[in-house]
1. Distance in nm between label sites at Phe114 and Glu157, each 7 Å beyond Cα in the beta-carbon direction?
2. Could you compute the net charge surrounding Leu122? Neighbours are other residues with a C-beta less than 15 Å from the C-beta of Leu122; K and R count +1, D and E count -1.
3. Okay, which of region 154-168 sit inside 15 Å, backbone N to the point 7 Å along the Cα-Cβ direction of Leu229?
4. If you stretched the chain out fully between Val47 and Tyr136, how much longer would it get, using 0.36 nm times the residue separation minus the C-alpha to C-alpha distance?
5. Under 5 Å between amide H atoms, partner at least 5 residues away or on a different chain: which partners does Gln319 have, H built in plane at 1.01 Å?
6. Obtain the nm distance between the two label points defined at Lys318 and Met300 by a simple spin-label model: each point lies 7 Å from its Cα along the Cα-to-C-beta direction.
7. Taking H placed 1.01 Å from N in the peptide plane, check which residues at least 5 places from Met337 or on another chain put their amide H under 5 Å from its amide H.
8. Per residue of region 181-198, what does 6.51 cos²θ - 1.76 cosθ + 1.60 with θ = phi - 60° give for ³J(HN,Hα)? Whole Hz please, x for Gly and Pro, Karplus curve as stated.
Amino acid sequence: MRSSRVSPLSVQLFLTDLLITPIGLYIATYLRSVLPFGRSGALPTEVTTLPWPVYLVAILSWSVALVLNDVYNPERVLRWFNEAGRVIWSSIVATILMAGFIYLTYREISRLQFIYFFIVNLGLLLLYRAILRIYYRLVGRTRPGVRNRILILGAGELGQRVAQVIEDHSRWGYNLVGFLDDDPEKLGQQFQGLQVLGNILDVQQVVSDKKVDEVWVALPIWALDRINLVMTELERLPVRIKIIPDYFSMALVRANAEVLGGIPIIGLRDPVIVGPVRWLKRAFDVIVGSILLLLSSPVMLAAAILIRMDSPGNVLFKQKRVGENGRIFEMLKFRTMKVGAEEELEQIAEITDDGAVIHKRPDDPRVTRVGKFLRRYSLDELPQLFNVLKGDMSLVGPRPEMPWLVDRYDSWQRKRFAVPQGITGWWQINGRSDKPMHLNTDDDLYYVYNYSLWLDIQILLRTPWVVIRGKGAF
C-alpha cells in the first residue's frame, strides 16, 4: 500500500532509531570500561571515550542501511520475522559501513568495543520494535484520535481483500469503520469482522456519523459508474477518496501504479524485485556464483568424465525452461538420463485426481546409474551456475519449470514467475521432489511474497544440509 503520505509510524521508527544508535554506542563504550574481557581487561574511560564524529558516522551508517533495506516500508515488515530479518541484515551492513569509515579516519576504537556496539544496538532496535508490536496488539488498535478512519465502498471479494490488507497494516495508521454496499442481502452482515453499514448512497451520512477520514472505493468493474454518485455526495465533506481498480486478480503478484503525463498506468506484470534491491541480488549472484563455480570445478570435471564412461551421449543436457515473467531460456544440467528420454516422458508422467502433473518418480527407468548418484546429491544442477552468471537464473528462487507443465498452471500458480528463477529455493529446503507440483507452488509463493536478501542467505546456508541428506531427490 504505497502512498505519497509517509506513515506516522515510519517517521516514529526512523527518529527513534536515530536516537537509539548513539545510545547504543554510549552503552558499548561504558561496557568496555567495566567488563573484564579482552587482553587488557577493562579499559580506562579516557581510552574508551569516543569523539562526536564517531557517533555521527554510526548514525549515518545505521540510517542508510535501515532505509535501503526497506525497514520502514510497511509492505516489507508486515510480519515480525520479516522485520527482524531486515533489521539484523541492516545491522550487519551498517557495521561493515562503519568499520570502513573508522578504518580510514579513527582507528583508536577498541575492536571489542565495536562488537559490543553491534550487539547492543541490534538488541535495542529489536527490543523497541517488539514492544511496539505488543503495544499496538493490546492497545493501539482501540486508541482513538491517532489513526486514519477508513470506510470501504463495496463488500464484495475486492472490498474484503482490501479490508484484510488494511487490517494487516493497521499499526501503520489505518482503522476500518465498515463497508457500504448496494446488495440488500449484505446489509447488516459482517465481512472480515466489519459490518455493512448501509448502501452506497448513504456515504455522506456514514462519513459524518463515523468521522471518516478516507473513503476507499473497492467496487467491481461493472459498478464503477457509482463513483460519480459518490463524488457528488462527498464534495462538501473534508474527506479523502481513493479508488482501488478491480485489476489486481490479473496481476502476477502485485499491481504497481504510476503516472505518465498525467495518465495513471497500472502495471500487472512488473518484477517484484526492482531498483537497488535487484542490483544487490544480481551482484550477490555474480560474486557468490563465481566462487561456487571455482570451488565446484573439480567435482564438475569428475562428473563429466563419469557420464561419458557410463553411457553414450553429450555430457550436458539443455532444456527449455520458463524464467522470470514467462521468458523462455535454455537451462543447463548434467545429463542423467539415457539419450532420447524426453520422447518417453508421456509414459512416465502421472496425473493426480486434482489434475496435478507428477513427472518425476524415484523408479524412473530412463535414469542412468551415474545419473541416480548425481541426482541424489543434486550434482546434476551444478552447470546451472553458468545460467546464473549469464543472468538467466538466480542462485535462489523458484525452480524454472518446463513450458508444457506451465501450460497446465492455474492463474495463481503463474505468480511464481514474478521473481528470477533459481537453483535452490524455499521449496527445495522444505521437501524437494517428494512434493507434487501444486504444493511446490505454495512454497514458491511464500518466497515471492517474503523476498529479502537475508532470506536468500538463509536458504543458501540450509541447502548443503538438505543436499547431503538426499531427501526427496531423484
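1. It works out to 5.6 nm between the two label points.
2. On the way: positive: Arg86, Arg129; negative: Asp17, Glu83.
Computed value for this residue: 0.
3. Residues 154-155 fall inside that zone.
4. Working: separation 89, 0.36 × 89 = 32.04 nm, distance 4.23 nm.
So the chain would gain 27.8 nm between Val47 and Tyr136.
5. Long-range HN contacts for Gln319: Met331.
6. About 1.6 nm separates the two model spin labels.
7. Thr368
8. 7, 7, 6, x, 6, 8, 4, x, 7, 10, 10, 6, x, 10, 8, 7, 8, x
Laboratory data are not the source of any read-out in this text; all were calculated from the coordinates shown. All values derive from a computational prediction rather than experimental measurement. Note: ideal-geometry Cβ built from the backbone for every residue, glycine included; neighbour counts use all protein chains shown.
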